[in-house]
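K.L.:
Questions regarding the structure given below will be posed in turn.
Read-outs throughout are calculated quantities, based only on the coordinates presented, and are distinct from any laboratory measurement. Source: prediction; values computed, not measured. Using ideal geometry, Cβ is built from the backbone for each residue, glycine included, and neighbour counts are taken over all protein chains shown.
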Amino acid sequence: MLALNRLKLTKHTLTLLFAVTALLSGCNTVQGVGKDLQQGGAALQQAADEHS
């Protein structure tokens, strides 16, 4: 019985670890996309300023 409880705890711990890792990876991806969009906006603004 103790081994079964330990196995369940291990499975839950691994699931939680994978979920946290996925969330943290997603944050980096979203942050990178935000920076890319910001740089694209700045380039558009600069082009608009040059042609005004």
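K.L.:
Give me the angle, in degrees from 0 to 90, between the Cα long axis of helix 2-50 and the longest principal axis of the Cα atoms of the chain, rounded to the nearest 10.
P.N.:
The helix 2-50 is inclined about 0 degrees to the chain.
K.L.:
A further question on this structure: Hey, what number do you get for the chain at 222 nm if only DSSP H runs of n ≥ 4 count, each worth -39500 (n - 2.57), divided across all residues, to the nearest 500?
P.N.:
On the way: 1 runs with 49 residues, N = 52.
That calculation yields -35500 deg cm²/dmol at 222 nm.
K.L.:
Now for a separate question. Find how much the distance from L9 to V30 grows on full extension, using 0.36 nm per residue of separation minus their present alpha carbon separation; answer in nm with one decimal. Let's see the in-between values first.
P.N.:
Details: separation 21, 0.36 × 21 = 7.56 nm, distance 3.15 nm.
Working it through step by step, the gained length comes to 4.4 nm.
K.L.:
Compute the distance in nm between two label points, each set 7 Å from the Cα along the Cα-to-Cβ direction, one at L23 and one at L44.
P.N.:
It works out to 3.2 nm between the two label points.
K.L.:
Shape of the chain from its Cα gyration tensor (a ≥ b ≥ c, root eigenvalues): rounded if a/c is under 1.5, otherwise prolate when a/b > b/c, or oblate? Before the final figure, lay out each step's value.
P.N.:
Numbers: a/c = 14.00, a/b = 12.52, b/c = 1.12.
Prolate.
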